[in-house]
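Encoded as structure tokens, the structure appears first; notes follow it.
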Amino acid sequence: MAKMWAGRFQKEENSEVNDFNSSISFDGRMYESDILGSIAHATMLGQKGIISKDDSNLICKTLLEILSDIKEGKLMLDPEAEDIHMFVEAELTNRIGEVGKRLHTSRSRNDQVALDIRIELKKDILEIISLTKNLLKSILNLAENNKETIMPGYTHLQRAQPITYANYLLAYGYMLKRDIERLNDTYKRMNYSPLGSCALAGTTYDIDREFVAKKLEFDGIVMNSLDGVSDRDSVVELASNISILMMHLSRFSEEIILHCSWEFKFIELDDAYSTGSSIMPQKKNPDIAELVRGKTGRCYGNLIALLTMLKALPLAYNKDMQEDKEAIFDSVDTVKDCLKIFAPMLDTIKVNKENMRNAAAKGFINATDLADYLVKKGMAFRSAYKISGSLVAYCIENNTVLENLSLDVYKKYSDLFDKDLYDYINLEVCTFKRTSQGASGIKSVELQIEDLKKVL
Ligand code: ARG
């Protein structure tokens with residue numbers, strides 16, 4: 001295909017160069033954003049008398065036809081085209097000749113692509129937010145049903161203190177809340193139109209940048225023309241938001257994988273959301289959670305690729321920037337896929353409350369409470385801590401647990417111990433008396449659920 005710039009060149013482009021340069025295989029997905037951007041631009045050119053009203057109308061009408069033809073599969077993107085911008089413009093000129101050639105007045109692909117990526121990613125951000133909210137909903141449902149499900153809480157992956165499954169789940173709820181906030185923040189900073197920056201220096205035409213921005217539902221314009229074409233901050237921000245969100249999902253996944261192992265057996269995944277093994281008949285594998293965990297790596301990779309691509313890049317536009325798209329689109333697609341599958345996986349989880357409680361009953365998970373008992377009776381915490389530790393050691397030596405020691409044994413360690421200690425170290429009591437804000441106590445959990453529902 002003859003190039004747009006054939007006038008300046010004596011030779012045709014080498015076909016391998018064309019392939020190497022071409023981005024249509026990955027920027028083709030922006031066709032709608034590109035066309036809507038062009039319609040706004042052409043409308044403005046007509047309003048300002050830079051092109052005639054008739055030409056402007058014909059361009060807009062034809063662009064809409066091209067848009068619906070692509071949507072309906074009547075018009076295929078040409079893989080030979082250099083990029084989606086060139087493709088749409090060439091198609092427009094095919095259809096309406098000379099008039100089509102007026103569209104690119106007072107515009108460059110540099111501000112065009114900067115505009116397109118923002119229009120495109122704004123839609124993506126809204127979708128990611130809505131999918132994250134769906135997952136949050138699933139978490140809240142599961143929490144609602146497990147307000148009284150006791151499990152061991154861990155530090156260092158050692159049983160630490162008893163918690164409820166609800167309180168555990170809500171930790172992930174709050175992570176997602178922050179993810180949503182971050183996405184909203186990035187959306188706000190992304191929501192400025194760079195169109196009118198032109199190649200890098202603005203233009204001599206009397207354009208109306210605010211008009212275009214408003215028509216495309218931006219909050220305003222990117223003020224500096226060099227910044228307008230060379231800034232990809234919001235792309236990096238989005239890749240970073242996605243990386244953090246994926247990091248959360250990977251931690252959750254890791255625990256789902258652990259929790260459905262035979263060693264834990266805290267939960268069971270639904271058959272529809274598990275896979276079997278081709279050789280070991282007994283297996284039921286948590287592939288979804290593993291894949292989410294694994295895919296987190298590629299999102300981190302995309303973030304680093306973007307940062308490195310932009311590092312020390314001189315102003316203004318450089319072709320390096322074309323590399324932003326594969327990276328960010330891959331992150332966007334990956335996180336959407338993960339969120340879509342995660343929610344129903346959680347919705348269908350079976351919780352083994354028995355096993356969770358049994359695990360919490362072992363491991364001297366109430367040793368802190370035993371110390372607190374002495375503190376409430378007047379002892380200093382450090383001294384109480386020491387006595388509780390000695391009693392744990394005694395239990396380990398005698399292969400028993402704190403609940404089963406006789407009062408006589410307790411008395412040998414401190415005469416502050418009395419019959420009421422057994423109530424105090426009872427697992428349910430230990431769990432539910434933690435009523436401080438954010439704790440596992442039922443009221444505290446209910447307040448958290450209410451708080452997170454506001455996000456929805
Ligand atoms: N496909 C290019 C990109 O994604 C469009 C901008 C090209 N501009 C240029 N001056 N070659 O960055």
Looking only at region 33-45, decide whether some residue is modelled with pLDDT of 95 or more, touching a helix residue (DSSP H, G or I) at 6+ places or on another chain (Cβ under 8 Å) and assigned to a loop (DSSP other than H, G, I, E, B).
no
Quick count over region 279-296, residues being among the charged types (D, E, K, R) and either assigned to a helix (DSSP H, G or I) or closer than 16 Å to F342 by Cβ (or both), is 4
(1) in a loop (DSSP other than H, G, I, E, B); (2) away from the ligand (no atom under 16 Å from the Cβ); (3) in contact with a Ser or Thr (Cβ under 6 Å, 6 or more places away or on another chain): which one isn't true of E148, the others all being true?
(3)
Flag if L447 is open to solvent by 50 Å² or more (accessible area, probe 1.4 Å) and free of Cβ contacts under 8 Å to residues at least 24 places away in the same chain
yes
Can you tell me which of T186, T132 is more than 30 Å from T431 (Cβ to Cβ), more than 16 Å from the ligand (Cβ to nearest atom) and open to solvent by less than 10 Å² (accessible area, probe 1.4 Å)?
T186
Among the residues of region 167-177, count how many are touching a residue at least 60 places away in the same chain (Cβ under 8 Å) and either closer than 24 Å to I125 by Cα or open to solvent by less than 10 Å² (accessible area, probe 1.4 Å) (or both).
7
Between residues in region 306-331 that are at negative phi and residues that are within 12 Å of the ligand (Cβ to nearest atom) and open to solvent by 80 Å² or more (accessible area, probe 1.4 Å), which pairs lie under 9 Å by C-beta distance while being six or more apart or on different chains?
L306/E323; M309/E323
Every residue from region 252-273 that is open to solvent by 20 Å² or more (accessible area, probe 1.4 Å) and touching a residue at least 12 places away in the same chain (Cβ under 8 Å):
E254, I257, C260, F264, K265, E268, D270, D271, A272, Y273
Among what's in region 10-33 and is within 25 Å of the chain's Cα centre (by Cα) and open to solvent by less than 60 Å² (accessible area, probe 1.4 Å), pick the residue that is nearest to the ligand (Cβ to nearest atom).
D27
Based on this model, can you work out whether S52 counts as surrounded by fewer than 20 Cβ atoms within 10 Å (Cβ to Cβ), small (G, A, S) and either without any contact (Cβ under 8 Å) to a residue 60 or more places away in the chain or more than 16 Å from the ligand (Cβ to nearest atom) (or both)?
yes
Just the residues that are surrounded by fewer than 16 Cβ atoms within 10 Å (Cβ to Cβ) and either away from the ligand (no atom under 16 Å from the Cβ) or assigned to a loop (DSSP other than H, G, I, E, B) (or both), please, taken from region 315-335.
L315, N318, D333
Lone unmet requirement of (1) within 16 Å of the ligand (Cβ to nearest atom); (2) open to solvent by 10 Å² or more (accessible area, probe 1.4 Å) for L157:
(1)
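The values are calculated or read from the model by the stated rules, or taken from the named source; none is laboratory data. All figures in this text were calculated on a predicted structure; none of them were measured in a lab. So basically every Cβ, Gly included, is an ideal-geometry build from the backbone, and we count neighbours across all protein chains shown. Ligands, DNA and RNA are excluded from the accessible area calculation, which covers all protein heavy atoms including side chains. Shrake-Rupley method; radii C 1.70, N 1.55, O 1.52, S 1.80 Å.
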